[in-house]
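Take a look at the structure set out below.
The values are calculated or read from the model by the stated rules, or taken from the named source; none is laboratory data. Computed from a prediction, not measured in an experiment: that's the story for all the values here. Here the Cβ positions follow ideal geometry from the backbone for every residue, glycine too, while neighbour counts run over all protein chains shown. Note: areas computed on protein heavy atoms with side chains; ligands, DNA, RNA excluded. Shrake-Rupley method; radii C 1.70, N 1.55, O 1.52, S 1.80 Å.
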Amino acid sequence: TSKDSGKNKFSIFDQEMNRHQLRRMSLEKDLRKALARSEFMVVYQPKWDSLMNVTVGLEALLRWRHPEHGIISPGEFIPIAEETGLIVPITYWMLHEVCSQNVLWHKEEVASVAVSINMSARMFETENLYEVVEEALSRSGLPPHFLELEITESIAMNNMEETVAQLSKLRSLGVRVSLDDFGTGFSSLGNLDEIPVNTLKIDQVFIRKSKMHSKKAIISNIIAIAGNLNMEVVAEGVETPEQIELLQSLGCRVMQGYYYGRPMPVSELGQWFTENTAAIYSVRPHFTHT
Ligand code: C2E
Ligand code: MG
Ligand code: MG
Ligand code: MG
């Protein structure tokens, strides 16, 4: 009867819920051991200046090599890491890993670009974010302008005063800051000028739908706001020549996306750099070998 099949559906739904919760619980348990077991890996995606045809930066993205499930995407494990607070030690590890790697690229003269790291809201709740970043820089010997922190609008807007104070301190060190996934956070534009950021990163949802007149209008206005506030702009998720042409016509030259390069492990970046010049063109820092 229909009553029975309804009951059945409900139990299947229950089973699905259970399976989901079980996977989550087991991932959480494994995540607690992942750092000690060296299961994390950093991959790097190029930011590309489409006019100069050079790599102008890299974004560091986390990968978890799970011993049984293989590579698990950040979309699945970052939320667990954030809820459990494990994101804090994981980000500390990232900071040291990324800064040391960038020093190596400088010493071997393969690349001279800023590398960005994504910062969860949790990091701004720790009192010593500044000290931790400073320590990663001094231990590795990386000049601060070669490190960039990517934050989202919601981080900047929640507890604005405190976050702005922390960001200003980091900026005064020379560390760069960008606003990630810009346009999706429903932030109040009225405060944007008070957040000390160098760069706006246009979220990939706008690029994906950039054929739509309305999305094009939003992209165009984000570029204008960035320009007027003296910020740089990066388009995320660029996949087609049509998108590149549109973005260029709107005045955006720096792009990140599968069209130019996927996130790559360190072992593949050597070759990438020999084929694609990697240099900062807007900042001309002095890097001293130690
Ligand atoms: P995000 O910071 O906005 O990073 C960009 C994401 O878009 C990356 O996904 C990247 O692989 C993907 N992407 C780049 N180009 C394209 C493209 O052309 N098409 C499409 N469809 N996707 C593209 P990924 O690596 O899976 O990371 C997802 C999100 O997870 C990141 O979004 C970031 O919010 C978070 N995440 C990744 N690594 C870390 C980390 O170390 N710490 C923290 N707190 N979050 C991280
Ligand atoms: Mg990012
Ligand atoms: Mg993004
Ligand atoms: Mg994102």
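Pick out the one residue from LEU61, LEU104 that is under 18 Å from GLU268 (Cβ atoms), open to solvent by less than 50 Å² (accessible area, probe 1.4 Å) and either of a type in the set (A, V, I, L, M, F, W, C) or modelled with pLDDT under 95 (or both).
Details: LEU104 fails: open to solvent by less than 50 Å² (accessible area, probe 1.4 Å).
Going through LEU61, LEU104 in turn, the sole match is LEU61.
Suppose we filter the range 130-150 for residues that are under 26 Å from ASP181 (Cβ atoms), touching a residue at least 40 places away in the same chain (Cβ under 8 Å) and either basic (Lys, Arg) or in contact with a strand residue (DSSP E or B) (Cβ under 7 Å, 6 or more places away or on another chain) (or both); how many remain? Full working, then the answer.
First pass over the range 130-150, keeping only residues under 26 Å from ASP181 (Cβ atoms): 130, 132-133, 136-137, 142, 144-150.
Those left that are additionally touching a residue at least 40 places away in the same chain (Cβ under 8 Å): 130, 132-133, 136, 142, 145-148, 150.
Going one step further and asking which of them are either basic (Lys, Arg) or in contact with a strand residue (DSSP E or B) (Cβ under 7 Å, 6 or more places away or on another chain) (or both), we end up with 145-148, 150.
The qualifying residues number 5.
Can you tell me how many residues in the range 104-138 are part of a loop (DSSP other than H, G, I, E, B) and within 18 Å of the chain's Cα centre (by Cα)?
Going through the range 104-138, the residues part of a loop (DSSP other than H, G, I, E, B) turn out to be 108-111, 113, 119-120, 126-128.
Within this subset, residues satisfying the condition of being within 18 Å of the chain's Cα centre (by Cα) are 113, 119-120.
Within the range 104-138, residues that are part of a loop (DSSP other than H, G, I, E, B) and within 18 Å of the chain's Cα centre (by Cα) number 3.
Give the number of residues within the range 238-275 that are assigned to a loop (DSSP other than H, G, I, E, B), without any contact (Cβ under 8 Å) to a residue 60 or more places away in the chain and either farther than 23 Å from ARG176 by Cβ or open to solvent by 20 Å² or more (accessible area, probe 1.4 Å) (or both). Please lay out each step first, then the result.
So the first thing to find is which residues in the range 238-275 are assigned to a loop (DSSP other than H, G, I, E, B), and the list is 238-240, 250-253, 257-263.
Checking which are without any contact (Cβ under 8 Å) to a residue 60 or more places away in the chain leaves us with 238-240, 250-252, 257-259.
If we keep only those that are either farther than 23 Å from ARG176 by Cβ or open to solvent by 20 Å² or more (accessible area, probe 1.4 Å) (or both) as well, we get 239-240, 250-251, 258-259.
So the answer is 6.
Need the failing condition index for ASP49 against (1) more than 16 Å from the chain's Cα centre (by Cα); (2) modelled with pLDDT of 95 or more, just the number.
Result: ASP49 fails condition (2) only.
Given the conditions (1) at pLDDT below 95; (2) touching an Asp or Glu at 6+ places or on another chain (Cβ under 7 Å), and given that ALA114 satisfies all but one, which numbered condition is not satisfied?
Of everything listed in (1) at pLDDT below 95; (2) touching an Asp or Glu at 6+ places or on another chain (Cβ under 7 Å), ALA114 misses just condition (1).
Tell me the residue from LYS209, LYS201 that is free of Cβ contacts under 8 Å to residues at least 12 places away in the same chain and within 16 Å of ligand 4 (Cβ to nearest atom), please. It would help to see each step written out before you state the result.
Details: LYS201 fails: free of Cβ contacts under 8 Å to residues at least 12 places away in the same chain.
Checking each option against the conditions leaves just LYS209.
Within the range 139-233, considering only helices (runs of 4 or more DSSP H) that don't extend past its boundaries, which have at least 1 residues that are away from ligand 1 (no atom under 16 Å from the Cβ) and either over 30 Å from GLU109 (Cα atoms) or of a type in the set (Gly, Ala, Ser) (or both)?
Ranges flagged: 153-157, 160-173, 213-228.
Give the number of residues within the range 129-151 that are in contact with an Asp or Glu (Cβ under 9 Å, 6 or more places away or on another chain) and open to solvent by 50 Å² or more (accessible area, probe 1.4 Å).
Total meeting the criteria: 0.
From the list LEU61, LEU104, LEU86, which one is touching a residue at least 40 places away in the same chain (Cβ under 8 Å) and more than 16 Å from ligand 4 (Cβ to nearest atom)? Give the steps one after another, and end with the answer.
Values: LEU61 fails: more than 16 Å from ligand 4 (Cβ to nearest atom); LEU104 fails: touching a residue at least 40 places away in the same chain (Cβ under 8 Å).
None of the other options fit; the residue is LEU86.
Scan the range 222-237 for residues that are within 15 Å of the chain's Cα centre (by Cα) and surrounded by fewer than 21 Cβ atoms within 10 Å (Cβ to Cβ) and report the count.
Filtering the range 222-237 down to residues within 15 Å of the chain's Cα centre (by Cα) leaves 233-237.
Remaining after also requiring surrounded by fewer than 21 Cβ atoms within 10 Å (Cβ to Cβ): 237.
Within the range 222-237, residues that are within 15 Å of the chain's Cα centre (by Cα) and surrounded by fewer than 21 Cβ atoms within 10 Å (Cβ to Cβ) number 1.
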